[in-house]
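Let me begin by presenting the structure, written as structure tokens, before commenting on it.
All of the numbers you see were taken from the coordinates with simple rules; none came from a lab. All figures in this text were calculated on a predicted structure; none of them were measured in a lab. Glycine also receives a Cβ, built like all others from the backbone with ideal geometry; neighbour counts cover every protein chain displayed.
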Amino acid sequence: MSLILRIKKKFSVIFKFLKKKNRMKIGIYGPPNAGKTTLANRILRDWVGDVMGSVSEIPHETRRARLREGVTIEVDGKSVTIDIVDTPGLATKIDFHDFLKYGLSEEEAKRRAKEATEGVIEAIKWLDDLDGVILVMDATEDPFTQVNITIVGNIEARNLPLIIVANKIDLPNASPARIKAAFPQHTVVPISALKGLNIDTLYKCIAEKFG
Amino acid sequence: MEGVQLNLISKERLEKMSSMEKLRMILDEVKSGTIVVLESGLTPEEEAKLIELTMLEIDHENFVGIEVETYPQKSGGFLSKLFGKKEGRLTVIGPANKLKTLVKRDDLIKALVKP
């Protein structure tokens, strides 16, 4: 990238700040099955009384980005209104054979794989239209995946505010400390989106970072 | 002789290439079964573009994607923060059906190459 483009990009952040929008568009990112839609559903259920979409143990259940506008979160008298984009899981490989073990027919598995590849592209495209990101990681898994490294790198390159959510802390082998050690430069909030554990800490963090 | 081909691309060679040239070269090599080792790696934007292009090329029969092994970016100094330029680090990219990550830490990567 040329120097002029880099300077332009840097200054666009300042211009963005100066003409700060009434509400920020926040993308929920992460690898497949990290709990992105479960978290989006939890936020919407708590603050709007609605859900974002269906969840499944089969990876790539969300294959289209979903936008929910005007979600108001109130914490300690402070209120923040955001638009939430629930994005499809990012991956570097998608093999339809992986879906067969969940009982899908070959035709269904191939269709799901094709839609999943389109979903990954859509999720990447959304990065250019966001004001902040919640990156959901599965706290039971190794955080040093290429997907996590790529997302964090791109968010840092764009100077977007980031919250890393260490999800699934209700599971016995969860280790949010491993995620904190892997990305010490970022805020890491351990939660269980499914059970609602520590969710108030996340709301407080959202109000602080995106308010 | 049978085996897996490894292409080690130097930093100097990578610096002479545009982003699209690099990504096209990587994907073409990886799709033909070669493991590509980049001395200076890719920028985060190039990594995202590589994933995007990979998704477009997955045919669900012969090519199901890529496996990428690299370390997290190091925080740069003042100038790199100001101009946003971050240098990539040593990166290994291969076809997902041949290259498998075993262990990945911030300072150690162990991977398996299947013939």
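Could you tell me what fraction of 2.2 N^0.38 Å the Cα radius of gyration of chain B comes to, as a two-decimal ratio?
On the way: Rg = 14.5 Å, N = 115, 2.2 N^0.38 = 13.4 Å.
Ratio of Rg to 2.2 N^0.38 Å for chain B: 1.09.
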Extension gain from A:Lys125 to A:Thr72, taking 0.36 nm per residue of separation minus the Cα-Cα distance
16.5 nm
Take peptide A:47-58, look around each residue's Cβ out to 10 angstrom, count Cβ atoms belonging to other protein chains, and average those counts.
0
In degrees, nearest ten, helix B:44-57 long axis to first principal axis of chain B (Cα)
20
Helix A:106-126 sits off the longest principal axis of the Cα atoms of chain A, rounded to the nearest 10 on a 0 to 90 degree scale, by 10
Ordering B:96-105, A:133-142 by per-residue average of other C-beta atoms within 10 angstrom, highest first, gives A:133-142, B:96-105
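Please report the antiparallel percentage of DSSP beta bridges with both residues in chain A, rounded to the nearest 5. Each step should come with its number before you reach the end.
Values: 9 of 28 bridges.
Roughly 30 percent of the beta bridges in chain A run antiparallel, per DSSP.
Could you work out [θ]222 nm for chain A from helices alone, using -39500 (n - 2.57) per DSSP H run of at least four and dividing by all its residues? Round to the nearest 500 deg cm²/dmol.
Values: 7 runs with 84 residues, N = 211.
It lands at -12500 deg cm²/dmol.
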Taking only the Cα positions of the protein assembly as shown, the convex hull volume per residue in Å³ is 141
Filter on A:Lys180/B:Lys16; B:Lys11/B:Lys98; A:Lys25/A:Lys180; A:Lys110/A:Lys204 - keep pairs with C-alpha separation over 30 Å
A:Lys180/B:Lys16; A:Lys110/A:Lys204
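Calculate the translational D of the stretch B:1-50 in whole µm² s⁻¹ from Stokes-Einstein, where the hydrodynamic radius comes from the Kirkwood formula applied to all Cα pairs, the temperature is 37 °C and the viscosity 0.692 mPa s. Kindly include the intermediate steps, with their values, before the conclusion.
Details: Rh = 11.4 Å.
Estimated via Stokes-Einstein, D reaches 288 µm²/s.
Hey, what did chain A get for relative contact order, percent, Cα under 8 Å, at least 6 apart?
Working: 369 pairs, mean separation 47.7, N = 211.
Result for chain A is 23 percent.
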What size of dipole, in debye to the nearest 20, comes out for chain A about its Cα centre when the only charges are +1 on Lys and Arg C-beta atoms and -1 on Asp and Glu C-beta atoms?
940
Let me confirm one metric for peptide B:63-69, namely the mean number of other chain beta-carbon atoms within 10 Å of its residues' beta-carbons.
5
Among A:Thr87, B:Ile51, B:Ser40 the positive-end extreme of the charge dipole of the protein assembly as shown (Cβ point charges):
B:Ser40
Sort A:167-178, A:49-60 for me by packing, meaning the mean count of neighbouring Cβ atoms within 10 Å per residue, highest on top.
A:167-178, A:49-60
As a check on your grasp of the helix formula, calculate [θ] at 222 nm for chain B: sum -39500 (n - 2.57) over DSSP H runs of n ≥ 4, divide by the residue count, round to the nearest 500.
-9500 deg cm²/dmol
Work out how much length A:Ser105 to A:Val48 would gain on full extension: take 0.36 nm times their residue separation and subtract the Cα-Cα distance, in nm to one decimal.
16.9 nm
